[in-house]
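Some notes on the structure that comes next.
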Amino acid sequence: MRLILMGPPGAGKGTQAQVVADHFGIPAISTGDIFRANVSQGSELGVEAQRFMDAGEYVPDEITNRMVRNRIDEKDAEPGFLLDGYPRTLAQVEELDGMIKFTGHALDAAVVLTVDPEELVARLLQRAESSGRSDDTEEVIRRRQEVYTEQTEPLIGVYRDRGILVEVDGMGTVDEVTKRIFEALDVIPES
Ligand code: ADP
């Protein structure tokens, strides 16, 4: 199973990614989490990425693509993976196509979570109080949303045209949203 999970900042991608990936027994690969881990380790990648992240901008494709390629090459991703936060640009879509083609597989679905813009800001500001993330300030949150609209929203049309887009209403409780994702993917819930 090879899935991508898309949606604007605050849509709940990280939370849902873990549940869905666990269900399929595949790793949830979050580019944001990998970048943050590198920032806290002070690695070369972290140093490069930090200034973009703190400004709410995307890390350059070349850096991001290389990182995802390395992660996907790991053994646990052989049976499949769920990508959370990648691809976010058209160039990343192409790059991912190449990576998956190389393995002889195909992307099964692109799930996009939709949430009202005002609800997104409210969720992120609430998260800001506990996350300690340096990019969870109101100004940077607004910039992240603009960047999403400009650079990532067009990807929805790309996957719709390929017939693998799965749109899911991301409003409501975590459990409600999980249930909708599984229904949309035709998964029979356990228990
Ligand atoms: P959010 O979706 O809430 O913005 P993430 O944790 O997914 O948060 O990402 C945090 C930051 O990491 C982004 O604002 C961006 O700077 C960087 N990032 C994550 N994924 C990508 C990507 N695919 N391409 C470029 N930059 C990325």
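Structural remarks
- Cα-based shape type of the range 122-163, given that a ≥ b ≥ c are square roots of the gyration tensor eigenvalues and the cut on a/c is 1.5: prolate
- Only aspartates and glutamates eight or more places from Lys13 in sequence, or on another chain, were considered; those with a Cα closer than 16 Å are Asp22, Asp33, Asp84, Asp116, Glu119, Asp136, Glu153, Glu167, Asp169, Asp175, Glu176.
- Hits among lysines - C-alpha to C-alpha of Lys101 under 21 Å, sequence gap 8 or more where chains match: Lys75
- Nearest-20 debye value, the chain charge dipole, Cβ charges on Lys, Arg, Asp, Glu: 260
- Charge tally around Met171: other residues with Cβ under 9 Å, Lys/Arg +1 each, Asp/Glu -1 each, net -4.
- Amide H contacts of Met6 (H built 1.01 Å from N, under 5 Å, at least 5 apart or other chain): Val111, Val112, Leu113
- Taking 0.36 nm per residue of separation and subtracting the Cα-Cα distance, full extension of the segment from Glu44 to Thr114 would add 21.8 nm.
- Virtual paramagnetic centre 7 Å along Cα→Cβ of Glu146, amide N under 19 Å, in the range 38-78: 51-60
- Quotient of C-alpha Rg and 2.2 N^0.38 Å, computed over the range 11-150: 1.06
- Across the range 2-183, Cα pairs under 8 Å and at least six residues apart give a relative contact order of 34 percent.
- Its DSSP H runs of at least 4 residues, each contributing -39,500 (n - 2.57), put the calculated 222 nm mean residue ellipticity of the chain at -17000 deg cm²/dmol, to the nearest 500.
- Among Ile181, Ile100, Ile26, residue whose mean-square fluctuation peaks in a GNM of the chain (springs only between Cα atoms under 10 Å): Ile100
- Order of Ser131, Ser30 under a 10 Å beta carbon neighbour criterion, fewest first: Ser131, Ser30
- Asp186/Val121 FRET efficiency (R0 41 Å; Cβ-Cβ; nearest 0.05): 0.80
- Each Lys or Arg adds one and each Asp or Glu subtracts one; over the other residues with Cβ under 11 Å from the Cβ of Arg180, this totals -4.
Read-outs: derived from the displayed coordinates by stated rules, not from any lab. On a predicted model such as this, the values are computed, not experimentally measured, just so you know. Please note: Cβ atoms are built from the backbone with ideal geometry, for glycine as well, and neighbour counts cover all protein chains shown.
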